[in-house]
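Input: a single structure, listed below in structure tokens.
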Amino acid sequence: MLRSRAVLASCLLLVLSMTPAHATQDKPNKGDSEDKTFFLVARPELRDPVFKESVVLMFPSSVEVGEGLVVGLILNKPARVALSEIFPNDKELKNRSETAYFGGPVDPRAPGVVFRSSKAAKQAALLFGDIYVSFDPDFIKELLKEPGKTPDLRLFVGRSQWAPAQLQNEMVVGAWYSVRAETNLIFSASPQYLWRKLFERAEPAPVAKASDVPFGPFANLKELPAHDRR
């Protein structure tokens, strides 16, 4: 267990060390993560249909979802699923029209929620500042039933997760940029523009050849010519 936590911490440090220079120099808003929590921003070369043009809110290692795993939620892809499908036995939510977002391919029908709160709840884990995440279905239902009490809330189905070595490999082959997480972007009213916004903010990094990588969906990534690294 201690070894797996050490590997996870090393992987996260590697990812943060690759954060684009001018992305880290932006002055953070009050409550922003200051690099303790970050976004993964898919590079255009990442053609995997699940993660293409995705922005993933990554969880700090203190948020335990799966033992030894690196976990996050895709922020910018609305899911075509009604609340009645997520909570089929709850009549109060049957006709509600809130948008749920596709958090990732793991447990694609399991609900998750990211929200702002001035106080902690035992059913939720702190991400940074006043931002919390929960995967407790009963707790999520109660939040949804009283939307006025939690105006900054984003509902997800599914999640994204990697083994530390897998994410490290994807970073090495140039599949992702990393950018400091910002509260206002998590709850953006225009998530369809989020990937372009963060992609343009990130500075290009060298892309390694992936021809020797024996696994993963990014084995077809190739080194970009110098004139294309913009």
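The values are calculated or read from the model by the stated rules, or taken from the named source; none is laboratory data. Note that the structure is predicted; figures quoted are calculated from it, not measured. Reconstructed Cβ throughout: ideal geometry from the backbone, glycine too, with neighbour counts over all protein chains shown. The area values use the complete protein model at the heavy-atom level, side chains included, leaving out ligands, DNA and RNA. Shrake-Rupley method; radii C 1.70, N 1.55, O 1.52, S 1.80 Å.
Say we look at segment 91-106 and pick out the residues that are outside any strand (DSSP E or B) and touching a residue at least 40 places away in the same chain (Cβ under 8 Å); which of these is surrounded by the most Cβ atoms within 10 Å (Cβ to Cβ)? If we take residues in segment 91-106 being outside any strand (DSSP E or B) and touching a residue at least 40 places away in the same chain (Cβ under 8 Å), then G103 is surrounded by the most Cβ atoms within 10 Å (Cβ to Cβ). Candidates V172, V179, V157: the one that is under 20 Å from V70 (Cα atoms), touching a Phe, Trp or Tyr at 6+ places or on another chain (Cβ under 7 Å) and surrounded by fewer than 21 Cβ atoms within 10 Å (Cβ to Cβ) is V157.
Kindly indicate which of R109, R80, R116 is over 21 Å from S178 (Cβ atoms), surrounded by 14 or more Cβ atoms within 10 Å (Cβ to Cβ) and of a type in the set (K, R).
Result: R116 is the single residue among R109, R80, R116 that is over 21 Å from S178 (Cβ atoms), surrounded by 14 or more Cβ atoms within 10 Å (Cβ to Cβ) and of a type in the set (K, R).
Of the residues contained in segment 84-101, none is found to be in contact with a Ser or Thr (Cβ under 7 Å, 6 or more places away or on another chain) and within 25 Å of T37 (Cα to Cα). In this entry, P88 is excluded by the filter for residues that are modelled with pLDDT of 50 or more, in contact with a strand residue (DSSP E or B) (Cβ under 7 Å, 6 or more places away or on another chain) and surrounded by fewer than 13 Cβ atoms within 10 Å (Cβ to Cβ). Restricting segment 116-142 to residues that are among the hydrophobic types (A, V, I, L, M, F, W, C) and part of a strand (DSSP E or B), which is nearest to P88 (Cα to Cα)? Going through the qualifying residues, I end up with V133.
Figure legend. Inter-residue proximity from segment 40-58: first residues in a strand (DSSP E or B), second residues exposed (fewer than 15 other Cβ atoms within 10 Å of the Cβ), beta-carbon distance below 7 Å, spacing 6+ or different chains. Indicated pairs: A42/K52. Filtering segment 143-154 to residues that are in a helix (DSSP H, G or I) and open to solvent by 30 Å² or more (accessible area, probe 1.4 Å) leaves K145, P147, G148, K149.
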